[in-house]
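Only one structure is covered here, and it is reproduced in the block below.
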Amino acid sequence: MAESNQTSDFKEFQLHEKDTGSADVQVALLTRRIEHLTEHLKINRKDHSSRRGLLKMVAQRRSLLDYLSKTEADRYKNLIEKLNLRK
C-alpha cells in the first residue's frame, strides 16, 4: 500500500513515463519523507538520530532545488508551486 501511494505521488512530477530519477521526482519524494519525519519528531523530541537524518534530507532537497533553479527555471518554479515550498 505504501508503494502505491508513493507512485501516485510522483507520477505528476515525472518528465516521461519511466522517469524515476529526475530532480523533480527526487524533490517530491524527499518532501514527502521530510513531512513524515517532521510529524515523527513532533512526538519524539529526543530522537536525535532521526533529526540528523531530517537535516540531511533537507540539505539534499535544497541542493536539488538549487540545481533546478540554475538549469531549468520554469521547472523549478512549477515544482515549488506544486509542492507549496517557500521561495
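The values are calculated or read from the model by the stated rules, or taken from the named source; none is laboratory data. Since the structure is predicted, the reported quantities are computational estimates derived from the model, not experimental observations. All Cβ positions, even for glycine, are placed from backbone atoms using ideal geometry, and neighbour counts span all protein chains on display.
Couple of notes before you dig in:
- Those residues of segment 11-28 which are surrounded by 13 or more Cβ atoms within 10 Å (Cβ to Cβ) and among the acidic types (D, E), in sequence order: D19, D24
Table: residues versus (1) within 16 Å of the chain's Cα centre (by Cα); (2) hydrophobic (A, V, I, L, M, F, W, C); (3) at pLDDT below 95.
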site: T7; (1), (2), (3): yes, no, yes
site: F10; (1), (2), (3): yes, yes, yes
site: L15; (1), (2), (3): yes, yes, yes
site: D19; (1), (2), (3): yes, no, yes
site: N44; (1), (2), (3): no, no, no
site: L54; (1), (2), (3): yes, yes, no
site: Q60; (1), (2), (3): yes, no, no
site: L65; (1), (2), (3): yes, yes, no
site: N84; (1), (2), (3): yes, no, yes
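- Any chance T31 is of a type in the set (S, T, N, Q) and surrounded by 11 or more Cβ atoms within 10 Å (Cβ to Cβ): yes
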